[in-house]
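J.: Here it is: the structure, laid out below.
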């Protein structure tokens with residue numbers, strides 16, 4: 001097992017940008033996850049539903065956020081992860097993943113950090129999230 005990373009309260013996590021998202025990205029994710037809702041592949045259907053066009057699945061952005069934080073802290077130290085879907089991601093948008101360490105506390109056996117996470121497209125939040133991770137006590 002890899003050693004936990006060292007994080008400090010108030011620390012910003014190294015951001016990651018993904019995109020611009022393409023129709024191919026969305027179709028690949030649909031195939032992998034089995035989500036064939038026409039909102040994700042049929043532009044006419046999406047417009048009739050009141051959207052500006054095809055949108056990505058919320059789980060796609062949530063998965064990107066989860067993979068990013070797991071890469072940063074080493075997946076074996078990820079203790080909890082939750083998300084809230086805020087707004088849709090459209091074709092052509094770039095997703096920026098960011099986070100901050102809210103606090104670090106000693107649990108007796110190890111230290112645990114609480115993280116606030118965000119996936120944004122421009123100034124708009126697409127997915128917000130929280131994570132609990134085991135961190136180095138040094």
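Just so it is clear, none of the values below were taken in a lab; they were calculated from the coordinates. Note that the coordinates shown come from a computational prediction; the quantities given were computed from them, not determined experimentally. Because the Cβ atoms are built from the backbone with ideal geometry, glycine has one as well, and the counts that use them run over all protein chains shown.
J.: Determine the calculated [θ] at 222 nm for the chain from helices alone, applying -39500 (n - 2.57) to every DSSP H run no shorter than 4 residues and normalising by the residue count; nearest 500 deg cm²/dmol. Numbers along the way, then the final one.
T.: Values: 3 runs with 33 residues, N = 138.
The helix contribution divided over the chain gives -7000 deg cm²/dmol.
J.: Which peptide among 88-94, 71-77, 42-48 comes first, and what is the full order, when sorted by highest mean count of other Cβ atoms within 10 Å?
T.: With the highest mean Cβ count within 10 Å placed first, the list reads 88-94, 71-77, 42-48.
J.: I've got another one for you. For the residue pair residue 11 and residue 23, what label-to-label distance in nm results when each label sits 7 Å from Cα along the Cα-to-beta-carbon direction?
T.: 4.3 nm
J.: Normalising by the residue count of the chain, find the relative contact order in percent from Cα pairs under 8 Å and 6+ residues apart.
T.: 32 percent
J.: Going 7 Å from the Cα of residue 86 along its beta-carbon direction, which residues of segment 120-138 have the amide nitrogen within less than 14 Å of the resulting point?
T.: Answer for segment 120-138: 120-130.
J.: When the scattering of segment 80-120 is computed by the Debye formula from its Cα atoms alone, each counted once and equally, what is log10 I(q)/I(0) at q = 0.19, 0.20, 0.28 Å⁻¹?
T.: Computed log10 I(q)/I(0) values: -0.69, -0.74, -1.05.
J.: A follow-up question, please. Report, in degrees rounded to the nearest 10, the 0 to 90 angle that the Cα long axis of helix 58-73 makes with the longest principal axis of the chain.
T.: Helix 58-73 and the main axis of the chain meet at about 30 degrees.
J.: Output the Cα-based Rg and Dmax of the chain in Å, rounding Rg to one decimal and Dmax to a whole number.
T.: 16.9, 56
J.: Here's a follow-up. Can you compute the radius of gyration and Dmax for segment 56-135, using only the Cα atoms, both in Å?
T.: When restricted to Cα atoms, segment 56-135 yields Rg and Dmax of 13.3, 47 Å.
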